[in-house]
1. What number of residues within the stretch 121-145 are over 24 Å from Pro31 (Cβ atoms) and free of Cβ contacts under 8 Å to residues at least 40 places away in the same chain?
2. (1) modelled with pLDDT of 95 or more; (2) touching a strand residue (DSSP E or B) at 6+ places or on another chain (Cβ under 6 Å); (3) not charged (D, E, K, R): which one isn't true of Thr97, the others all being true?
3. Failed condition for Lys87, given (1) under 17 Å from the mean Cα position of the chain (by Cα); (2) basic (Lys, Arg); (3) under 19 Å from Leu144 (Cα atoms), with all others met?
4. Need a quick list: strands (runs of 3 or more DSSP E) entirely within the stretch 24-133 having at least 2 residues that are surrounded by fewer than 20 Cβ atoms within 10 Å (Cβ to Cβ).
Amino acid sequence: MRGKLAIYLFVMTVSFGCGGDKNEISAGTMPQGGAYTGVYHSPQYGEMHLMQTGDSVVGEYKKDERSGRINGSVEGDLMRFEWVEEKAMISNRPTETRGRGYFRYLIDPSTGDHVLKGEWGIEDEETGGGPWNAWKSKHSQPKLSSDSGESSGGETAPDEGTTADEFGGESSDTGEAADDLL
């Protein structure tokens with residue numbers, strides 16, 4: 001029970017600290033061992049593959065009938081990005097939606113898990129659409145399709161071995177426990 005309470009308090013602290021207007025969101029220091037390159041699991045947007053080169057990040061995500069691309073820049077622990085998403089519709093004509101968002105890179109102090117806490121917005125808005133959270137896998141390396149500017153077998157930054165499979169510390173890579181927390 002104590003562990004769940006600590007995680008809940010961490011999530012609540014981060015949630016209240018990350019919302020708001022773009023002008024209110026400012027970069028902090030990247031945690032030691034932190035890097036955006038990795039495979040992340042998001043309850044909202046499924047599996048995300050992000051690759052960071054310098055202060056630039058490109059990525060892809062896929063969940064159910066939606067798939068999207070992310071292109072962003074990093075300053076400290078903060079990544080601001082643009083996203084483009086295609087969603088398959090019943091009429092077999094996918095719709096495309098665009099927007100902006102941000103992630104803050106954090107390490108849960110109670111578990112050592114590496115997590116992203118953020119928000120997305122529509123069109124030019126960086127916030128207002130909803131939460132976008134994820135936890136980083138320890139064992140997976142990101143792969144991007146060729147249409148995102150990276151090859152799927154391309155060179156990736158090494159996984160530091162300090163990232164987490166789960167926000168809740170479970171041993172499975174599916175994230176059921178983390179879905180309740182994010």
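1. 7
2. Tallying (1) modelled with pLDDT of 95 or more; (2) touching a strand residue (DSSP E or B) at 6+ places or on another chain (Cβ under 6 Å); (3) not charged (D, E, K, R), Thr97 fails exactly one: (1).
3. Against the list (1) under 17 Å from the mean Cα position of the chain (by Cα); (2) basic (Lys, Arg); (3) under 19 Å from Leu144 (Cα atoms), Lys87 comes up short only on (1).
4. Here the list reads 46-53, 56-63, 66-75, 78-87, 95-107, 114-122.
The values are calculated or read from the model by the stated rules, or taken from the named source; none is laboratory data. Please read all numbers here as calculations on a predicted model, not as lab measurements. Reconstructed Cβ throughout: ideal geometry from the backbone, glycine too, with neighbour counts over all protein chains shown.
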